[in-house]
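The structure under discussion appears below in the form of C-alpha cells.
The values are calculated or read from the model by the stated rules, or taken from the named source; none is laboratory data. For clarity, every value in this text was computed on a predicted model and none was experimentally measured. FYI the Cβ positions are ideal-geometry reconstructions off the backbone, even for glycines, and counts take in every protein chain you see. Each accessible area value is taken on the protein alone, full model and side chains, heavy atoms only, with ligands, DNA and RNA left out. Shrake-Rupley method; radii C 1.70, N 1.55, O 1.52, S 1.80 Å.
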Amino acid sequence: MLYQANHRSYRKKANYKPLVFFLILLGLAGIAFFFRQDIKNLFAGDRRLLLEKERKLLQEGIVKGEPKEGEIKEFKSTAKDFVTSNPKEGISYHYAALSGYYEFLLLGFRFDSVTLSKIAYTGFQEFLEQDSSYLPLVEDSYRQALRAQAIDPEFLESTDNRYLIAFGESIRQKLSRSALNKLLISIEPEKLSPELKSGYAWTCLVGSALSGNTEFLKKILSSQDISGSLLLSARESDFLIALSEFRAGQYVSSLNYLRRVKNTNDDFLTGSSKILEARIFYYQNLSPKAIVLLEEYYPGSGDRKEEVLNLAREILSKNQTLKTKLPVED
C-alpha cells in the first residue's frame with residue numbers, strides 16, 4: 001500500500017490510565033497495610049476524645065441526680081464502637097463499664113439516704129428480688145471493668161475502674177463483706193470522677209454497715225467532702241452505726257444508737273430499730289423481753305407485721321416454753 005507524504009496513522013493508541021490507577025491503588029493499599037495500626041490509633045484517638053467529650057456532658061446531670069437518657073445512650077453507642085475497633089485496649093472496656101453504670105442509674109436507682117437505710121438493713125437480696133432489671137447492667141459493668149484491669153495493668157491503679165468493680169461486688173454479693181470493705185477502703189475518693197463520688201460514699205456506707213466496720217463508717221460519715229451529697233439526717237447516721245455495731249457483735253453500743261433513732265414517728269427507721277432491738281435481746285438470751293417488744297410493736301407495724309411474726313417464730317422455736325399473744329400460728 002502507498003502512503004501519502006506527511007500521512008499520520010489513525011491506529012488506536014494503547015490506554016495506560018487504568019493500569020496507572022490500579023498501581024496507585026495497590027500502592028495505597030500497601031501503605032495502609034504497613035501503617036494500619038497507626039491509622040487505627042489515629043481514629044481511636046478521635047473516638048476517645050469524643051467519649052471524653054460526651055462524658056463531660058452527662059456528668060452534670062448525674063451529679064444533680066438527673067441523668068439524661070439521650071446523653072447516656074449516645075455514650076453507650078460510642079463506647080460500644082470503641083470496644084469493637086480496639087478490642088485489645090483496656091480503656092475500651094473501661095468506657096464500656098462506665099456506660100453500663102450510667103445505664104444502671106438511668107433505670108431510676110438513686111444514691112439517696114432512704115435507699116441507703118433500707119439496703120443497709122435488709123441487704124441487697126430483697127432489693128434485687130423486687131426489681132431484677134438492675135442486675136444484668138451491674139453484671140455487665142462489673143465484667144467490663146475486670147476486663148480493663150486484666151488487659152491493661154494501668155487499670156489496677158485506676159480509681160474509677162476500681163470503684164466500678166467494688167460497686168459491682170456490692171450488688172452481686174459474691175465477695176465476703178470483709179473483702180469488699182477492704183476494697184472500698186483502698187479507693188482514694190479525692191481521685192474519683194465527679195459523677196462517681198456520691199455512689200462511692202453510698203457504697204462505702206452500705207458496705208461498712210453490712211460488714212460491721214464501724215470505724216470506717218464513722219470516718220465516711222464525718223467527711224462532708226465524701227458523704228455530704230447524700231444529705232443524711234442525724235437519725236439516719238445513728239441507724240447506720242447501730243447496724244454496723246450489731247453486725248460487729250457490739251450489742252450494747254448498738255442498743256444505745258437504736259434508742260436515739262426511735263421516735264414518735266412510726267417510720268421505717270423507728271420500726272426497724274424496734275425489730276432490731278428485739279433481735280438483740282434474743283441474741284443476749286433475753287427472749288421473754290424480746291417477745292414483749294414485738295407484742296408492743298405489732299399492732300402498729302403496718303406492712304411489717306410478717307417480719308415481726310417471723311422473728312417471733314424464730315425466737316419461739318428456740319424457746320419451747322415461751323408463750324406469746326402474737327398470731328404466730330395463723
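For region 34-59, which positions are modelled with pLDDT under 90 and either open to solvent by less than 50 Å² (accessible area, probe 1.4 Å) or among the charged types (D, E, K, R) (or both)? Scanning region 34-59 gives 36, 38, 40, 44, 45, 46, 47, 48. Only one of (1) at pLDDT 95 or above; (2) open to solvent by 70 Å² or more (accessible area, probe 1.4 Å); (3) out of contact with any Phe, Trp or Tyr (no Cβ under 8 Å at 6 or more places or on another chain); (4) not aromatic (Phe, Trp, Tyr) is not met by residue 253, so which one is it? Going through (1) at pLDDT 95 or above; (2) open to solvent by 70 Å² or more (accessible area, probe 1.4 Å); (3) out of contact with any Phe, Trp or Tyr (no Cβ under 8 Å at 6 or more places or on another chain); (4) not aromatic (Phe, Trp, Tyr) one by one, residue 253 breaks only (2). Taking each residue of region 292-314 that is within 15 Å of residue 268 (Cβ to Cβ) and looking for partners that are open to solvent by 40 Å² or more (accessible area, probe 1.4 Å) and not aromatic (Phe, Trp, Tyr) with beta-carbon atoms closer than 7 Å, six or more apart or interchain, yields 297/274; 300/266. Which members of region 259-273 meet the condition of being more than 15 Å from residue 120 (Cβ to Cβ), modelled with pLDDT of 90 or more and of a type in the set (S, T, N, Q)? Once the filter is applied, which keeps residues that are more than 15 Å from residue 120 (Cβ to Cβ), modelled with pLDDT of 90 or more and of a type in the set (S, T, N, Q), region 259-273 yields only 270. The single condition among (1) of a type in the set (Asp, Glu); (2) closer than 30 Å to residue 235 by Cβ; (3) in contact (Cβ under 8 Å) with a residue 60 or more places away in the chain that residue 89 does not meet is (2).
Checked against (1) within 28 Å of the chain's Cα centre (by Cα); (2) surrounded by fewer than 22 Cβ atoms within 10 Å (Cβ to Cβ); (3) in contact (Cβ under 8 Å) with a residue 24 or more places away in the chain, residue 283 meets all criteria but (1). Within region 55-92, being within 20 Å of the chain's Cα centre (by Cα) and either basic (Lys, Arg) or not in a helix (DSSP H, G or I) (or both) holds for 55, 56, 64, 65, 66, 67, 68, 73, 76, 80.
Within region 144-172, if we keep just the residues that are among the hydrophobic types (A, V, I, L, M, F, W, C) and within 14 Å of residue 203 (Cα to Cα), the residue that is nearest to the chain's Cα centre (by Cα) turns out to be 167. Among the residues of region 286-306, those that are surrounded by fewer than 15 Cβ atoms within 10 Å (Cβ to Cβ) and within 22 Å of residue 236 (Cβ to Cβ) comprise 300, 302, 303.
Applying the condition of being part of a helix (DSSP H, G or I) and among the hydroxyl-bearing types (Ser, Thr, Tyr) to region 192-208 and asking which residue is surrounded by the most Cβ atoms within 10 Å (Cβ to Cβ) yields 208. Of the residues making up region 287-297, just one is more than 18 Å from residue 317 (Cβ to Cβ) and in contact with a helix residue (DSSP H, G or I) (Cβ under 7 Å, 6 or more places away or on another chain), namely 297. The residues of region 160-176 that are in a helix (DSSP H, G or I) and surrounded by fewer than 18 Cβ atoms within 10 Å (Cβ to Cβ) amount to a single one, 172.
Could you tell me whether any residue of region 219-237 is within 22 Å of residue 134 (Cβ to Cβ) and crowded, with 21+ Cβ neighbours inside 10 Å? The answer is no; no qualifying residue exists.
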